[in-house]
Amino acid sequence: MFHRLASKTTLITGASSGIGYSTALFFAESGSNLVLVARRIEKLQELKEKINSLYPSVQVDVYKLDISKYDEIKQVFATILEKTPHIDILINNAGMALGGDPISKVSASAMETMIDINVKGLVWVTQQVLPGMYERNSGHIINISSLAGVQITGSGSIYCASKHAVHALSESLRIETVSTNIRVSEICPGYVETEFAFTRYNNDKDTISNAYKGIETLTPQDVAELIAFTASTHPRCVVSQSNIVPSCQANTFTTYRRT
């Protein structure tokens with residue numbers, strides 16, 4: 001069924017590693033042309049070279065972009081849309097968590113960073129692509145949220161709040177576009193082994209090891225496959241919301257850890 005991705009143009013934020021990186025490879029294998037953005041342009045260049053080697057017929061364009069900066073988004077998207085005005089699929093993947101402090105202790109800078117990237121950046125990027133989708137009366141927006149955004153935990157309150165906002169934005173945009181052929185999907189992963197943990201726990205290897213101890217986590221490829229499935233369904237369908245978790249995770253509160 002992934003043949004429906006062939007010759008589509010897909011824009012992925014946060015494509016330099018983790019879920020975004022794996023999704024780019026999966027979509028390239030399916031024949032989708034790609035526009036990839038992230039802060040680490042050297043990682044994007046390496047990914048582009050890999051895709052060009054494996055799938056030479058796929059067009060890949062990469063751009064350095066920090067989605068927490070509105071002016072930078074406007075500037076970079078002016079260039080993107082001049083070269084590639086037709087974006088069929090937008091995957092809002094970029095996101096981050098910083099620590100797990102309670103509300104009484106979370107720093108202003110950590111809170112601002114998470115809200116700027118996870119919420120504002122997602123909205124600002126969507127605003128660049130959505131007008132073209134309205135004009136063509138077609139398109140698919142896939143927001144990568146988190147299980148922690150719909151099943152709130154007792155730690156990482158601001159991260160949970162930011163991903164709950166992604167859930168609300170996805171629901172709201174689906175209502176706004178219901179009379180069109182634009183589709184809006186939300187994907188909520190549980191435990192996934194990516195660089196996300198290193199950012200959240202400030203590269204503290206002991207903390208990271210304990211966080212995932214005894215858990216066979218999802219891989220980024222697992223989530224990428226679900227994203228591809230979501231984008232490949234018949235246009236009359238929309239996968240509105242999907243939760244994907246390791247088989248050892250029942251919800252955000254219940255995880256079986258092997259000893």
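Figures for the structure shown
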| item | result |
| --- | --- |
| Among 9, 110, 35 - extreme Cα towards positive end, dipole of the range 1-150, charges at beta-carbon | 9 |
| At 1.002 mPa s and 20 °C, Stokes D of the range 122-185 from Kirkwood alpha-carbon radius, µm² per second | 171 |
| Gyration tensor over alpha-carbon atoms, the range 68-175, equivalent ellipsoid semi-axes in Å | 29, 16, 9 |
| Added length on full extension, which subtracts the Cα-Cα distance from 0.36 nm per residue, residue 101 to residue 6 | 29.8 nm |
| Per-residue ³J(HN,Hα) for the range 151-165, Karplus 6.51 cos²θ - 1.76 cosθ + 1.60, θ = phi - 60°, Hz, x for Gly and Pro | 10, 5, 9, x, 9, x, 4, 6, 4, 4, 4, 5, 7, 5, 5 |
| CD proxy at 222 nm, helix term only [per DSSP H run n ≥ 4: -39500 (n - 2.57); per residue of the chain; nearest 500] | -13000 deg cm²/dmol |
| Whichever aspartates and glutamates have a C-alpha closer than 12 Å to that of residue 64, once near sequence neighbours (fewer than 8 apart) are set aside | 42, 72 |
| Placed amide H near residue 184: partners under 5 Å, 5+ positions off or other chain | 141 |
| Cα-based Rg / Dmax (Å) for the range 3-255 | 17.4, 53 |
| Dipole of the range 3-255, positive direction: furthest Cα of 242, 85, 54, with charges on the beta-carbon | 85 |
| About the Cα centre, charge dipole magnitude for the chain (Lys/Arg +1, Asp/Glu -1 at Cβ), debye | 220 |
| Residue exposure sequence - 188, 248 - by fewest surrounding Cβ within 10 Å | 248, 188 |
| Gain in span if fully extended, residue 86 to residue 74, counting 0.36 nm per residue against the direct Cα distance | 2.6 nm |
| DSSP beta bridges in the range 3-255 [antiparallel fraction, %, rounded to 5] | 5 |
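Here, each number is a calculation from the coordinates, and none is a lab measurement. Quick caveat, the model's predicted, so the values are computed rather than measured. So basically every Cβ, Gly included, is an ideal-geometry build from the backbone, and we count neighbours across all protein chains shown.
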